[in-house]
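Read-outs: derived from the displayed coordinates by stated rules, not from any lab. In this text, all values refer to a predicted model and were calculated from it rather than measured experimentally. Cβ: placed from backbone, ideal geometry, glycine included. Neighbour counts: every protein chain shown.
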Amino acid sequence: MPHTLLTILIGAAVYLGLTAIAPSAGTEDSPEARPPVARKSGTVLHEHGRERPDPYDWLANRDDPAVRAHLEAENAYAERRLAPIRPLIDEIAGELKARNASSNASVPYRDGDFLYERRFAEGAQYPVILRRRDAPGAAEEIVIDVPALAAGHAMYRLGRWQPSPDGKRVAFMVDFTGDRQNRLFVRDIATGAVTEQGITDGAESFAFAADSTTLFYVRREPVTLRGHQVWRHRIGTPPDADVLVFEERDPTFSVAVHRSKSRRYILIESDQELTSEVRWLPADQPEGAFQVVEPRRPGLRYEIDHAGDTVFVRTDLDAPDFRIMTAPEATPGAAHWRELVAQRTGAVIRRMEPFRDFLAYDVEDQNGIGIRVMRLSDRSDTAVPQPATIGVATSAFFFGAFGGNREPDATVLRFRFSAPLIPERTYDYDMAAGTLTLRREEPVAWFRPDDYAVARIAATAPDGEPVPVTLVWRKSLKRPGGNPTLVVGYGAYGFSQRPVFNENAFSLIDRGFVHAMAHVRGGHEKGERWHREGRGLSKRNSFTDFIAVAEALVAQGYADRRALFSRGGSAGGLLVAASANLRPDLFAGIVAEVPFVDVVTTTSDPSIPLTTLEWVEWGNPKTPAEYESMRAWSPYDNVAATAYPAMFVTTGWHDSQVRYAEPAKWVARLRATKTDDREIVFKTDMGAGHSGRSGRLGTVQESAEIMAWLVAQAERATGR
């Protein structure tokens, strides 16, 4: 099932006349050139007094050799379909590598006595993480040499990493397959010795206690991969000596563990979409018992942090768009919460960054994300300046990524900003003086912002709701009557389609495409209401919003109806697939990457990863009304005998979030049912999971193939 947050990679080479290399969409004569035909099983499921045919259920059995043979046949067919545009694919791949393979280094940030930095060598797939003492003339030392550790591994995805409080070692998690099953390693920084701790079922969640030898970490359930247990491990001891300190028995909750900003507490968070609960323990008492901060109750979400002598609480208590409260350290429960930052209706407070004397917090609305800072002494509240109205400013740096804000006594806030025409920048904001300093700008010598235009328009949904759309195009290539247009969207979990700089998109834009970001319901662009109106029984709004956006782009002269394309990944793949079922005539082609398309089957099986955690988002099929709602829009269950757009579909053999079987079944049903002869290119990466290949260049080849396919399809549709 889908995750979280999605990076859209689009682009192509210099605009060319591509008639000669556009793939044919006609009927193929030779048997070896025809698409694979999957056998039907005849399975019919009986649910709530109704029958639901599932003729391709056998594809879910990954131990069946016929399944792998079918996927390999699809891959071979995809290669044949892509062969005519291979020169363009290679050209685009070269372009993407040139943009992404340069040497670069992050802005150093302070954590304890050290300044940490991430550095990529020219052409390197992985970075080296270094540090030096925060003192003049201090020598550098390697914290994690990722290229050396990744050598010989087809997949090496470094997850969370954290130095010990004494600075002598670093713990880190690694995913070697893409299935989110992480292994825990510890490196002695002085000697360089790396030891695996024998923990192979870890989540990307752990925290050092104050003694620097005790680690609290989260284990996943072996089948569902739900983070369900917190264990205490002593470095150097076998894992069978580890102690279970907490188990989350409710299958709709998952667990995470981390340290407070003050480093004085270890926090265990049990969380689901509507409810959460936090336990805490003094970090210098690792063998103590965790205490509940506020007992869970349905509909109450909260998270805590600690700085100075104050507990900070972000909560939706009587505030659907969240507010920030404080509580005394001795009595942190809800009875003692006092409001510090009020709810801003229609704009979600997404996260908080507390310090001893200041509080920074991120606020998301339809323009993106901005940051505000409050001086705690007088509660004066100021918006942090940013260089564009539409864009994303955030102080969040996940999984040990580089940005800072580790020191509770700091008076300078480190944050990043990106906008459709502004490459990512790193800033320091002096919270005491109110001054802003640019520390780093992503080097993009090829990009000239004055050559492009960005605009915000609104599409009107069937219920009258205005749906925001962010557009980018090259000024000199704007055409009367509309351009080839790619509409991208997501619309789930409250994750917005964020208006940030997407360097790969400009390769496509430079060929005359308009790039359109559809801010459909299911995200947080207009607050929690926007999310709630795009989930569960209201999920259909996401699809009709997306269709309304596409129609508005044509009506307002941005898009050429003949060359209108859509693209989405994971839950965004569901979005474009469901929209194609509702309006198969609207798009010339769709790109569905690791798409969540077999919704009823997946949500009916609690053993499938993420299922129990997401019944609130999609619906619980055990409930008749929710079952009927999902069945009405689930892409696999609504394939019709009609003409569909051309399609490019991807999946990963090791994907544990949207299993490979979902797109495989969907494509098989489409091939057997649709009435047109437009092509479906379906590729399974046999060595990757939900996020594709690892390394900063890992997804270049797949991205280049998708982009070349879009360019060729646009050329064929318009004859240009």
Inset, instruction - Could you state the angle between the C-alpha long axis of helix 86-100 and the longest principal axis of the C-alpha atoms of the chain, as a value from 0 to 90 degrees rounded to the nearest 10? - result: 20 degrees
Legend entry - Relative exposure of LYS475, LYS539, judged by other C-beta atoms within 10 Å (fewest first): LYS475, LYS539
Legend entry - Anisotropy class of the stretch 301-378 from Cα gyration tensor, a/c 1.5 cut: oblate
Inset, instruction - Rounding to the nearest 20 debye, state how big the charge dipole of the stretch 316-442 is about its Cα centre with +1 on each Lys and Arg Cβ and -1 on each Asp and Glu Cβ. - result: 120 debye
Inset, instruction - Quick one: grab the alpha carbon gyration tensor of the stretch 280-322, order the square roots of its eigenvalues as a ≥ b ≥ c, and give me rounded if a/c is under 1.5, else prolate or oblate depending on whether a/b is larger than b/c. - result: oblate
Legend entry - Fraction in percent of alpha-carbon pairs per bin - 5 Å, the stretch 517-643: 2, 11, 19, 24, 20, 13, 7, 3, 1, 0
Legend entry - Alpha-carbon Rg with Dmax, taken over the chain, Å: 25.3, 78
Legend entry - Length gained when the stretch ALA432-THR237 is fully extended (0.36 nm per residue, less Cα-Cα span): 65.6 nm
Inset, instruction - In square nanometres and to one decimal, what's the mean projected area of the convex hull around the Cα atoms of the stretch 78-185? - result: 9.3 nm²
Inset, instruction - Quote the relative contact order of the chain in percent (integer), defining contacts as alpha-carbon pairs under 8 Å separated by 6+ residues. - result: 14 percent
Inset, instruction - Could I have the simple spin-label model distance between ARG249 and LYS622, label points 7 Å from Cα toward Cβ, reported in nm to one decimal? - result: 1.6 nm
Inset, instruction - Treating each Cα of the stretch 316-442 as an identical point scatterer and ignoring solvent, apply the Debye formula and state log10 I(q)/I(0) at q = 0.18, 0.19 Å⁻¹. - result: -1.03, -1.13
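With charges only on Cβ, +1 for K and R and -1 for D and E, what is the dipole size of the stretch 324-384 about its Cα centre, in debye, rounded to 20?
Values: 8 positive and 9 negative charges, 8 e Å.
Using Cβ point charges on Lys, Arg, Asp and Glu, the stretch 324-384 gives about 40 debye.
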Inset, instruction - Rounded to the nearest 10 degrees, what's the angle between the helix 571-582 long axis and the longest principal axis of the chain, both from Cα atoms, 0 to 90? - result: 30 degrees
Inset, instruction - Can you give me the three principal axis dimensions of the stretch 432-547 from its C-alpha atoms, in Å, biggest first? - result: 52, 47, 20
Legend entry - Percent RCO, i.e. relative contact order, over the stretch 316-442, from Cα pairs under 8 Å lying at least 6 residues apart: 15 percent
Inset, instruction - Could you line up HIS336, HIS46, HIS70, HIS515 from fewest to most neighbouring Cβ atoms inside 10 Å? - result: HIS46, HIS336, HIS70, HIS515
Inset, instruction - Could you tell me which trypsin sites (Lys or Arg not before Pro) in the stretch 246-277 are loop residues by DSSP with no more than 16 other beta carbons within 10 angstrom of their beta carbon? - result: ARG249
Legend entry - Calculated [θ] (222 nm, deg cm²/dmol) that DSSP helices of n ≥ 4 give over the chain, each run adding -39,500 (n - 2.57): -5500 deg cm²/dmol
Legend entry - Shape category assigned to the stretch 192-231 from the gyration tensor of Cα positions, a/c cut at 1.5: oblate
Legend entry - Volume per residue that the Cα convex hull of the stretch 623-720 spans, once the total is divided by residue count, Å³: 129 Å³
Inset, instruction - Please arrange TYR116, TYR636 by counting, for each residue, the other beta carbons lying within 10 Å of its beta carbon, fewest first. - result: TYR116, TYR636
